[in-house]
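Asker: First the structure, which I've put down as structure tokens, then a few questions once you've had a look.
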Amino acid sequence: MVNDIKIYCIGDDVEKNKVGNKAYQLFDLVKICNVPPFVCTDSEMFWSLLNLAENAELLGMLKQFFYSKQFDAVELKYIYDKIINMYVPQKIIDEIDATLSKKNIQEPYAVRSSSTLEDNAYQSGAGIFESYTDIKKEDVLNCIKKCWAAQFSEKAMGYLKNVNSVEQFQM
């Protein structure tokens, strides 16, 4: 599964469900106006990494979390920390680095969320997830992990519960 992960760049053909709504809109926007260079990870990367043996404990926690449909601040913080420290194979780290170099995208970087849970037809989800700016190359992976972890933040869980539209996000 991890071998099928792709890093997308300006000029690539992408499907909306592969990159999230915000990134998909950027890929469209670049066709009609000048957009700063960017790369985007496959939307399946996080979930594929969870299936690695090194991340089995985290996967088990998330399965229990989704099964119980209950959350509290302490549990969400624990999940957040586990995601920040999750295992990512060197191959993926090297691919992210190579893609940034290949496309000659220079520091500083911005790392932003792009989820199917934001900027969609039902609600914006504005400010629910994370963005990081002025990032050095060696900090990109950690910021990507922070974006992944943000989907389990108290803010995101509260928002999704309040809009009561999780079913609408299934793709």
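The values are calculated or read from the model by the stated rules, or taken from the named source; none is laboratory data. These numbers come from a predicted model, not from an experiment. Positions of Cβ are backbone-derived with ideal geometry, glycine not excepted, and every protein chain shown enters the neighbour counts. Heavy atoms of the whole protein, side chains included, go into the accessibility calculation; ligands, DNA and RNA do not. Shrake-Rupley method; radii C 1.70, N 1.55, O 1.52, S 1.80 Å.
The rows are residues; the columns are (1) farther than 27 Å from ILE105 by Cβ; (2) not acidic (Asp, Glu).
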residue	(1), (2)
LEU26	no, yes
ILE32	no, yes
PHE46	no, yes
ALA56	yes, yes
LEU62	yes, yes
ASP72	yes, no
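Asker: Tell me, please, whether a residue that is open to solvent by less than 80 Å² (accessible area, probe 1.4 Å), outside any helix (DSSP H, G or I), among the aliphatic types (A, V, I, L, M) and at pLDDT 90 or above can be found in region 88-103.
Answerer: The answer is yes, given that some residue of region 88-103 is open to solvent by less than 80 Å² (accessible area, probe 1.4 Å), outside any helix (DSSP H, G or I), among the aliphatic types (A, V, I, L, M) and at pLDDT 90 or above.
Asker: Do any residues in region 100-128 that are over 21 Å from PHE46 (Cα atoms) and of a type in the set (A, V, I, L, M, F, W, C) have Cβ atoms under 9 Å from those of residues that are modelled with pLDDT of 85 or more and surrounded by fewer than 19 Cβ atoms within 10 Å (Cβ to Cβ), where the two are at least six apart or on different chains, and which pairs are they?
Answerer: ILE105/THR99
Asker: Now for a different question. For the subset of region 40-84 comprising residues that are open to solvent by 70 Å² or more (accessible area, probe 1.4 Å) and in contact with a Lys or Arg (Cβ under 8 Å, 6 or more places away or on another chain), which member is nearest to VAL30 (Cα to Cα)?
Answerer: Among them, the one singled out is GLU44.
Asker: So which residues in region 104-145 are part of a loop (DSSP other than H, G, I, E, B), more than 14 Å from GLY20 (Cβ to Cβ) and either open to solvent by less than 30 Å² (accessible area, probe 1.4 Å) or among the hydroxyl-bearing types (Ser, Thr, Tyr) (or both)?
Answerer: Passing the criteria: ILE105, TYR122.
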